[in-house]
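Asks: Could you have a look at this structure, given as structure tokens, before my questions?
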């Protein structure tokens, strides 16, 4: 095992101190017989009460305390903890998870080190919205572009989840749209620095067996940097009709985005003028515009007292145009698919049998000064057939056995034949991913679990292409095995929640995206890597009264990870033993929320991001940094029926100069510096009002 340096001991002491502070008030609070000190679990969702939280991420509706694997959940008021312009701060409170944000349209989600090498988006991780795949057949997804105002719950499965959801070595992010249980209308107006504004209206209507929810939101900003403007208009709506034996659910997401691209910068601009855009992108006024639509219809049917089935049909379309310094990309993606899940529930067993099929057609063309230089059509097909058994030989033990077979194929049709026909196909061999999990309930308030499972990620269609454009029939999917063990405890009358996990991932044939020129990327397999780490999350209620001083809760999460190349040689360079770049060695997040017992709430969050290397050779390192935020809000009841909330906040209280996103193995072209850095925002203010009626 590696040694932990001074920095590691310092952060670990911070974790232990925070846990001790969270624990100390409990005995005193519990000794007070006053009914004012009784804590109601439903009053503050920010604290996780494992036995009360139901989740669906393991393909069955179950209590979190009984799940045989690692899973994090965010719901309720925790979703409104940030400034409301994105989910970065919310997701980053979870251990083992890092959502880096360079701009509103440039983000990267990393789970347990998986996905850190993807240049400008999220790969190796699957995303779903109401059981509809957000991830495309190319493995790319952008779940963070779905406005947080329309989401009621986020569930994150960490580590290889191929036996649960198909190709997704890093894990799975499941989003669930808000479904208020009563009729309600919400109006929101938000203002922030850099002429940022957000205007939204959402609501729910119920008529008999039918309910409808919608969230219509417009957001715009001039941006902190040059060439950084952003506009997004979105509509998320759900319709649901329920009867004793049948449920019918419809989900629709529509979105239009127009965003400037400042791109990453080199060290000189990052240090001297972080507001500057990359000169080549600024010179052409680079931007990206796209319109996206996604819809799904799900039919749930209770076939008998023990058998239910849920069938989903979905479709997606994205029409995009990107103006770039080296060429312009005009592309459109259309996809459709089916997903079916059959559940059989008995006293001691639960069976899940299912399949998911996704087909996509991707047409793209490149031009320079309105002169076409390339045009291709790609067809992509994915089929995932899975089965799971949950067996409870005794009441306290839950055994999970799962397996999935995945079939994936690509076909490239070259429609620009001036440089020869480079059409080709690539059908990958079937991949079988098994999984075994155990959960043992030690008491009504605590359990331990362990699991081992196989996962894989396919190369994206672009990674299967050689630099000249032909299909590379030698590239292979990356595959790995994960071993994890953990515990969940809910103690002191639900005043303290602890969730801790140790994991070990052995990964072979790591997929490496190599940038050959400014606009030419290719993929390669990079041998054997090893990921090891520890995750800890502590939720505490420091005190709870109906009146002043009200309620004070704390949330702290800590991640320590050790990720190295075991066997990797690239272009004659041997990187055996080097740290994997783009993965912080430590992450520490802490949050205090104080509700005064009347109408006033104070939210303070802080996040430490540890050191990380920028290249495979570990010649460049980016030092750790801490960012803290403050939010104040007041909720005022309105006599005529409703609630009025006003809020204000400061992000980056200490005005820390930091990079909010890093590009791994960046290269400089034509004598320019490698552009590793996306500058984070300095200290800035925001505020807004929400009316609920």
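Asks: Say we look at region 364-383 and pick out the residues that are within 30 Å of the chain's Cα centre (by Cα) and free of Cβ contacts under 8 Å to residues at least 40 places away in the same chain; which of these is nearest to residue 423 (Cα to Cα)?
Replies: Out of the qualifying residues, it is 377.
Asks: Given the conditions (1) under 26 Å from the mean Cα position of the chain (by Cα); (2) surrounded by fewer than 17 Cβ atoms within 10 Å (Cβ to Cβ), and given that residue 249 satisfies all but one, which numbered condition is not satisfied?
Replies: Residue 249 satisfies all of (1) under 26 Å from the mean Cα position of the chain (by Cα); (2) surrounded by fewer than 17 Cβ atoms within 10 Å (Cβ to Cβ) except (2).
Asks: Please indicate, with yes or no, whether at least one residue in region 625-643 is buried (at least 20 other Cβ atoms within 10 Å of the Cβ), under 30 Å from residue 574 (Cβ atoms), touching a strand residue (DSSP E or B) at 6+ places or on another chain (Cβ under 6 Å) and at pLDDT 95 or above.
Replies: Checked against the condition, which is being buried (at least 20 other Cβ atoms within 10 Å of the Cβ), under 30 Å from residue 574 (Cβ atoms), touching a strand residue (DSSP E or B) at 6+ places or on another chain (Cβ under 6 Å) and at pLDDT 95 or above, region 625-643 yields no hits at all.
Asks: Could you grab me the full set of residues in region 562-574 that are surrounded by fewer than 21 Cβ atoms within 10 Å (Cβ to Cβ) and either part of a strand (DSSP E or B) or within 25 Å of the chain's Cα centre (by Cα) (or both)?
Replies: 562, 564, 566, 567, 569, 570, 573, 574
Asks: Let me ask something else. Please go through region 617-630 and pick out each residue that is under 20 Å from residue 686 (Cα atoms) and touching a helix residue (DSSP H, G or I) at 6+ places or on another chain (Cβ under 9 Å).
Replies: 629
Asks: Quick check on region 111-126. Is at least one of its residues surrounded by 22 or more Cβ atoms within 10 Å (Cβ to Cβ), in contact with a helix residue (DSSP H, G or I) (Cβ under 7 Å, 6 or more places away or on another chain) and assigned to a strand (DSSP E or B)?
Replies: The answer is yes; a qualifying residue exists.
Asks: Consider region 243-268. How many of its residues are without any contact (Cβ under 8 Å) to a residue 60 or more places away in the chain and touching a strand residue (DSSP E or B) at 6+ places or on another chain (Cβ under 8 Å)? Give the steps one after another, and end with the answer.
Replies: Taking region 243-268 and keeping what is without any contact (Cβ under 8 Å) to a residue 60 or more places away in the chain, we get 243-248, 250, 252, 254, 256, 258, 260.
Going one step further and asking which of them are touching a strand residue (DSSP E or B) at 6+ places or on another chain (Cβ under 8 Å), we end up with 244-248, 250, 252, 254, 256, 258, 260.
The total comes to 11.
Asks: State the number of residues belonging to region 131-166 that are touching a residue at least 40 places away in the same chain (Cβ under 8 Å), within 15 Å of residue 234 (Cβ to Cβ) and in a loop (DSSP other than H, G, I, E, B).
Replies: 3
Asks: Next question, about the same structure. Restricting attention to region 329-345, report how many residues are at pLDDT 95 or above and under 13 Å from residue 286 (Cα atoms).
Replies: Summing the residues that are at pLDDT 95 or above and under 13 Å from residue 286 (Cα atoms) in region 329-345 gives 0.
Asks: On to the next question. Restricting attention to region 600-624, and to residues there that are without any contact (Cβ under 8 Å) to a residue 24 or more places away in the chain and in a loop (DSSP other than H, G, I, E, B), which single residue is nearest to residue 565 (Cα to Cα)?
Replies: 619
Asks: I would also like to ask the following. Anything in region 469-492 that is assigned to a loop (DSSP other than H, G, I, E, B) and either buried (at least 23 other Cβ atoms within 10 Å of the Cβ) or touching a helix residue (DSSP H, G or I) at 6+ places or on another chain (Cβ under 7 Å) (or both)? List them, or say none.
Replies: 472, 475, 492
Asks: Restricting to region 61-93, what's the tally of residues that are free of Cβ contacts under 8 Å to residues at least 60 places away in the same chain and assigned to a loop (DSSP other than H, G, I, E, B)?
Replies: Number of matching residues: 1.
Asks: Among all residue pairs at least 6 apart or on different chains, which show Cβ distances below 7 Å where the first residue, located in region 49-60, is assigned to a loop (DSSP other than H, G, I, E, B) and the second is surrounded by fewer than 18 Cβ atoms within 10 Å (Cβ to Cβ) and modelled with pLDDT under 60?
Replies: Between residues of region 49-60 that are assigned to a loop (DSSP other than H, G, I, E, B) and residues that are surrounded by fewer than 18 Cβ atoms within 10 Å (Cβ to Cβ) and modelled with pLDDT under 60, the close pairs are 49/41.
Asks: Among the strands (runs of 3 or more DSSP E) lying completely within region 167-225, list those that include at least 1 residues that are surrounded by fewer than 16 Cβ atoms within 10 Å (Cβ to Cβ) and touching a residue at least 40 places away in the same chain (Cβ under 8 Å).
Replies: Where strands (runs of 3 or more DSSP E) fall fully within region 167-225 and carry at least 1 residues being surrounded by fewer than 16 Cβ atoms within 10 Å (Cβ to Cβ) and touching a residue at least 40 places away in the same chain (Cβ under 8 Å), they are 184-192.
The values are calculated or read from the model by the stated rules, or taken from the named source; none is laboratory data. Note that this is a predicted model, so its numbers are computed, not measured. Glycine gets a Cβ as well: all are built from the backbone with ideal geometry, and neighbour counts include every protein chain shown.
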